Amino acid sequence: MTDITEGQQAPAFDLPVDGGGSVSLAGLKGKTVVLYFYPKADTPGCTTEGQDFTALGDEFAAANAVVIGVSRDPVKKLDRFKTKAGLGVILGSDETGAVTEAYGVWGEKTLYGRVYMGIERATFLIDADGIVQRTWRKVSVKGHAAAVLDAAKELRSA
């Protein structure tokens, strides 16, 4: 697994998104990017995380931050997930796995004794110049979006 560290250039990405179109790190230059990786659309933890980020959407926008959730789900599934869960964040589809691997969040996981490959819940705060300023690994959903917002506000005022 790649280990992304604070202070390094964020790996470039260009992902298809819900509703059509795409989002890229290069296209967001000048903005703070909150890139959060979640295991699977339409599962309880992932739904809560997306809703928590959505609830703080106006505050993220005020901090000049764009929030992007990334999973390996196909765009059609992301469209359904966004509508069903009432999400207001951008959802990127990494079906090839290139971005999840570049950020080091794809790896071995264990659930009820079964070992499988999956996405580690993680978040990266990337500044306007594309530099990783904060990383959160093995994220616990409760309170996470608020902690990321606080860091984005700090970055904005720095």
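The values are calculated or read from the model by the stated rules, or taken from the named source; none is laboratory data. Everything numeric here is computed off the predicted structure, so don't read it as measured data. All Cβ positions, even for glycine, are placed from backbone atoms using ideal geometry, and neighbour counts span all protein chains on display. Quick note on the areas: whole protein, heavy atoms, side chains included, nothing else; ligands and nucleic acids left out. Shrake-Rupley method; radii C 1.70, N 1.55, O 1.52, S 1.80 Å.
Taking the Cα centre of the chain as origin and assigning +1 to Lys and Arg Cβ atoms and -1 to Asp and Glu Cβ atoms, the resulting dipole is close to 380 debye. Rolling a 1.4 angstrom probe over the protein heavy atoms with all chains in place gives the chain an accessible area of 49 Å² per residue.
In this structure the amide hydrogen of residue 67, modeled in the peptide plane, comes within under 5 Å of the amide hydrogens of 34, 90, none closer than 5 places in sequence on its chain.
Once you have a ≥ b ≥ c as the square roots of the Cα gyration tensor eigenvalues for region 73-144, tell me rounded if a/c is under 1.5, and otherwise prolate or oblate according to whether a/b is larger than b/c. Rounded. The residue among 115, 133, 34 whose Cα reaches farthest toward the positive pole of the charge dipole of the chain, with charges on the beta-carbon of Lys, Arg, Asp and Glu, is 115.
Using only the Cα atoms of the chain, construct the convex hull and provide its projected area averaged over every direction, in square nanometres to one decimal.
8.6
If you run the Gaussian network model on the chain, springs between alpha carbon atoms under 10 Å, then out of 113, 88, 143 the most flexible one is 113.
Region 58-87 and region 89-154 have Cα centres lying 13 Å from one another. Taking every DSSP bridge with both residues inside the chain, close to 65 percent are antiparallel. Phi angles across region 36-41 convert, under the Karplus curve 6.51 cos²θ - 1.76 cosθ + 1.60 with θ = phi - 60°, into 3J(HN,Hα) values of 10, 9, 10, x, 7, 4 Hz, Gly and Pro given as x.
Annotation for region 40-122: trypsin sites (Lys or Arg not before Pro) lying in DSSP loop with at most 15 further Cβ atoms inside 10 Å of their Cβ are 40. A simple spin-label model places pseudo-atoms 7 Å from Cα toward Cβ; at residue 84 and residue 96 they are separated by 2.8 nm.
Summary value for region 1-82: 35 percent relative contact order, contacts being C-alpha pairs under 8 angstrom separated by 6+ residues.
Taking amide H positions as modeled 1.01 Å from N, with prolines and chain starts lacking one, the residues under 5 Å from residue 134 and 5 or more places away or on another chain are 125. Is the shape of region 35-128 rounded, prolate or oblate, going by the alpha carbon gyration tensor and its root eigenvalues a ≥ b ≥ c, with a/c under 1.5 for rounded and a/b larger than b/c for prolate? It comes out prolate by the Cα gyration axes. What shape does region 16-62 have by the C-alpha gyration tensor, where a ≥ b ≥ c are the square roots of the eigenvalues, rounded means a/c under 1.5, and otherwise prolate means a/b greater than b/c and oblate the rest? Oblate, since a/c reaches 1.5 and b/c is not below a/b.
Expressed as a whole percent, the accessible area of the chain that falls on carbon and sulfur atoms is 52 (1.4 Å probe).
Adding -39500 (n - 2.57) for every DSSP H run of four residues or longer, then dividing by how many residues the chain holds, sets the calculated 222 nm ellipticity at -9000 deg cm²/dmol.
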